[in-house]
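Values quoted throughout were computed directly from the atomic coordinates according to the rules given, and no laboratory measurement underlies them. All of these numbers come straight from a predicted model, not from anything done at the bench. Here the Cβ positions follow ideal geometry from the backbone for every residue, glycine too, while neighbour counts run over all protein chains shown.
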């Protein structure tokens, strides 16, 4: 410790300084002395034994050492080029532009001198003790010493003079130590920018020419990730995801697109939210127009696995003129409780300028979406709450597996409960329900029977939320429109990638809505007879006109409806 303090003390006036550089400045300015700083020499012979390695002061001394002590022949070539373009063309030959890295440059009176060293050389001369970066499985490509091969370039007004030391010492020509050439990197970057999949690029790279394995043949996904970062294929606005998200919002605002109607950044204060909360509500002009035009039925659901920060995505969806689900608002947030939903729907109401007078609200079995909607969208009539068929059946299956004792009862439960749920005649519905409850009592399945009575049959109001007999001609019977949208988003647009940045997710959502809008336009202007809705309508009309059955499929809901009820 005393030795460390001595370095900071002026030996003339015994004054102590905070750093060695401050002490040296004091010696020059006050005592008019030029301090001699200890120079650390890192040039070491690459083939001397580790315990006998001697630090050399210059590259020329290293070459002399290799020639005199190790009797090696070092080949040196001299070149002259008219300009830097000719030099770069020469440097691109034989991978010199990637096998040699620029170490330093210095200015001279008539130009500049640049040094390119072999990328296998250990410039530092020591092994880093940093624990933040783990060693590669195959070890570092750096050798224990300094390779003499280098390119010394003198750039001046008269041209470019090059001294090229070609001989490599201390390492073999290993494929793992080579880099992709700039041309290869640019070729791969152009493919990625054009939308070629990573799988196709890797497949093309496996083609061997000339019966010799090249660096491009052992291309890996890590190489593609590096090229994506280097050439900014993803068009990142900033390395920090939150900063990039803010820039994305500002970009929309600068274009006059007031798409983000709710934006709570991490660290900001916002009524009802914590400092660490994040919330972003998104709606473009097309989505706003659809919400105002088709507000009769509102579907709301949340999903996860869309971004690297594990934020939840809430989707608000309506059924458009073609009875196809269309997203009208998104909420990306770090929480999915009723508090954030209240704030989201309040901001949505402010965005469109008035409460949304919906007739039906369809959600899963969680009450938070419905309660938050009703608190924000105060209208003359309260919307009727509907439960998604898919979520109801899913809950029954989970509870049935846990609560039913008899194996046969487990097997038939799903089929019988689905028939009860999808029955469109009220009297038949109650008859089927009573028969199944009696069957459960006789089978001593009291636990599952109690669950059904307490959670789904406790009142007529509760039954009306999920039973199809109480939603004939409503216009929807399930939340599958949102489930279908989630599938398109996660597997078609995101391709199963759950590590998207928030910035990239916003771009993806904007692309998704744009595609949905264009599909809607195309289906309207160029309708296809093979569309699902068209087939359902044709079959329903054919059955009703020909009187082939007592029941037909409802044109809007897809539910079985008695023909007499339609007459």
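Taking 0.36 nm per residue of separation and subtracting the Cα-Cα distance, full extension of the segment from residue 182 to residue 412 would add 76.4 nm.
Can you tell me the FRET efficiency between residue 382 and residue 460 if r is taken as the Cβ-Cβ distance and R0 is 22 Å, rounded to the nearest 0.05? Efficiency for this residue pair is about 0.85. Length gained on full extension, residue 222 to residue 20, computed as 0.36 nm times the residue gap minus the Cα-Cα distance: 68.5 nm. Placing dummy labels 7 Å off each Cα toward the beta-carbon, the span from residue 357 to residue 199 is 5.1 nm.
Relative contact order of the chain: what whole-number percent is it, with Cα pairs under 8 angstrom and at least 6 residues apart?
Values: 754 pairs, mean separation 47.6, N = 567.
The normalised contact order for the chain reaches 8 percent.
When both bridge partners sit in the chain, DSSP labels roughly 90% of those beta bridges antiparallel. Between the C-alpha center of region 342-356 and that of region 41-110 there is a gap of 68 Å. Label positions at residue 104 and residue 292, each projected 7 Å from the Cα along the C-beta direction, are separated by 6.8 nm. Among 490-502, 71-83, 340-352, the peptide with the highest mean count of other Cβ atoms within 10 Å heads the list, and the full ranking is 340-352, 490-502, 71-83. Exposure proxy ranking for 393, 143, based on other Cβ atoms within 10 angstrom of each Cβ and starting from the fewest, stands as 393, 143. Matching the structure-derived Cα extents along the principal axes in Å against the labelled list (i) 107, 68, 56; (ii) 64, 60, 54; (iii) 94, 59, 37 gives the label (i). Between region 208-250 and region 265-291, the alpha-carbon centres lie 30 Å apart. Would you please classify the overall shape of region 16-83 from the alpha carbon gyration tensor, given that a ≥ b ≥ c denote the square roots of the eigenvalues, rounded means a/c under 1.5, and beyond that prolate means a/b larger than b/c while oblate covers the rest? Because a/c hits 1.5 or more and a/b fails to exceed b/c, region 16-83 counts as oblate. With a ≥ b ≥ c the root eigenvalues of the C-alpha gyration tensor of region 390-470, is it rounded (a/c under 1.5), prolate (a/b larger than b/c) or oblate? Cα axes put region 390-470 in the prolate bin.
Computed from the Cβ-Cβ distance with R0 of 22 Å, the FRET efficiency linking residue 444 to residue 422 stands at 0.20. Taking Cα atoms, how many degrees apart are the long axis of helix 182-193 and the longest axis of the chain, rounded to 10 and kept between 0 and 90? With rounding to tens, the tilt is 10 degrees.
For the peptides 185-194, 290-299, residues were scored by their other Cβ atoms within 10 Å and the scores averaged per peptide; the highest-first order is 290-299, 185-194. Can you tell me the 0 to 90 degree angle between the C-alpha axis of helix 241-254 and the longest principal axis of the chain, rounded to 10? Taking Cα atoms only, the helix is inclined about 70 degrees.
Remark: the residue 71-residue 338 segment gains 88.1 nm on full extension, using 0.36 nm per residue and subtracting the alpha carbon distance.
Once you sort the root eigenvalues of the Cα gyration tensor of region 325-444 as a ≥ b ≥ c, which label holds: rounded (a/c under 1.5), prolate (a/b larger than b/c) or oblate (the other case)? Judged from the Cα gyration tensor, region 325-444 comes out prolate (a/c at least 1.5, a/b above b/c).
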